[in-house]
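Engineer: Before we start, here is the structure in question, set down as C-alpha cells.
Derivation of every value follows stated rules applied to the coordinates shown; laboratory data play no part. Predicted, not measured: the structure shown is a model, and the values here were computed from it. Cβ placement follows ideal geometry from the backbone for every residue including glycine, while neighbour counts extend to all protein chains displayed.
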Amino acid sequence: MHTKLSRPSLLRLTLALSAIAAGHAVANDRHFGYVYETATMPVGMRELEVWNTASVGRADYYSRLDHSLEFETGLTDNLQGSLYLNWRNTTADTGSGNRATEFEWKGLATELKYKLLDPSVDPLGFALYGELGYNTDELELETKAIFDKRLGPWLLAANFAGEFEYESEGSELELEEIGLEGTFGASYAISPRLALGLEMRSHNEIAKSASSEMEFESSALYLGPTVAWSSKSWWLTFTALPQIAAFKHEGGGIRDLKDHEAMQARLLLSFHL
C-alpha cells in the first residue's frame with residue numbers, strides 16, 4: 001500500500017533533504033581556501049583556526065610558507081571578530097646558485113565580518129569584511145565584499161577585495177602597494193561531511209615605482225580544485241591553485257614568475273572550542 005504525501009509534507013521533506021545536502025554549512029565551516037563566505041558564528045561560538053599557505057615556483061628558486069593562528073568568535077548573530085598571529089619562512093635564490101632562508105615575524109591582525117543578507121532567506125548572501133594588520137615597520141588594511149548563494153547541494157561564492165600596504169618612511173607611514181583581487185568558487189556537497197569544488201583567484205598589484213608614482217605592475221590568474229571535510233568538532237579545507245595565465249607582467253611567457261608564484265596552496269584546519 002502506497003501513501004501519498006500532501007504538498008506541505010513534500011515541502012518539509014524537500015527542505016530537510018536540502019539541509020542534509022548542505023551538510024556542515026550550518027556551522028561556520030569554510031568550503032574554500034581563498035574565497036570567503038557570508039556565514040557568521042552565533043554569539044559565543046568560538047573556533048581556533050590554523051592557516052598554512054605555500055607559494056612556490058618563480059623564475060629562480062622560490063619557496064615560501066605563510067602561517068597564521070587565528071582565534072575567532074561570534075560577537076552578535078551577524079557579526080564575528082578574530083585575532084591572529086602571523087609568521088613566514090622563505091627560501092629563495094640569491095644568485096650564482098646560492099639560496100638563503102629568512103624567517104619573518106609578520107605581526108598581529110584583527111578582522112571583523114558583518115553579514116547584511118543571509119543566502120538561506122534572501123536572494124543573495126552579502127557581507128562586509130575588514131582586516132587590520134600591524135607590524136613594527138608596516139601597516140596593512142584589507143577590505144572585502146562577500147557574496148554567496150546556496151542552490152541545493154551547490155554553493156557559489158564571490159569576493160572582491162582591496163589590500164593596502166603602508167610602510168614606515170621616517171616618522172610617517174606611506175602607501176607602498178595596493179592589491180586588487182577577485183576570487184570565485186563553486187562547491188558541491190557530496191555528503192554532509194565532504195564537499196568538492198573549484199576556485200579561481202585573480203590577483204593584481206599596483207606598487208610605488210622608482211619615481212614614487214603608483215603603477216600597475218602585474219596581474220595573475222589562478223585556477224584549481226578545493227576539498228572540504230568537517231565533523232562535529234573540527235573542519236579542514238585544502239585548495240591548490242596553479243597559475244594559468246598573467247595579463248600584465250614583465251618578461252615573456254603566458255605566466256608571471258617574477259611577482260607571482262607558479263603554484264599556491266592553502267590548508268585550513270579549525271577546531272570548535
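Engineer: Against the longest alpha carbon principal axis of the chain, how many degrees, from 0 to 90 and to the nearest 10, is the axis of helix 7-22 turned?
Structural biologist: Its long axis makes an angle of about 30 degrees.
Engineer: Another one. Once mean projected area of the Cα convex hull in nm² is worked out from the coordinates, which option in (1) 18.5; (2) 15.1; (3) 21.8 does it equal?
Structural biologist: (1)
Engineer: Could you work out the relative contact order of the chain, using alpha carbon pairs under 8 angstrom and six or more residues apart, expressed as a whole percent?
Structural biologist: Computed over the chain, the figure is 18 percent.
Engineer: Then there is this: Of the chain, which part is the longest with no trypsin sites (Lys or Arg not before Pro) in a loop (DSSP not H, G, I, E, B) and with at most 10 other C-beta atoms within 10 angstrom?
Structural biologist: No qualifying site falls inside 5-231, the longest such stretch.
Engineer: Just the number, please: percent antiparallel of the DSSP beta bridges in the chain, rounded to the nearest 5.
Structural biologist: Restricted to the chain, the bridges split so that about 100 percent are antiparallel.
Engineer: Would you mind ranking HIS31, HIS203 so that the residue whose beta carbon has the fewest other beta carbons within 10 Å leads the list?
Structural biologist: With the fewest neighbours first, HIS31, HIS203 line up as HIS203, HIS31.
Engineer: Any of LYS208/LYS248; LYS115/LYS149; LYS106/LYS248 with alpha carbons more than 23 Å apart? Name them for me.
Structural biologist: The answer is LYS106/LYS248.
Engineer: Grab the Cα-Cα distance for ALA59 and GLU172, subtract it from 0.36 nm times how many residues apart they are, and report the gain in nm with one decimal.
Structural biologist: 37.2 nm
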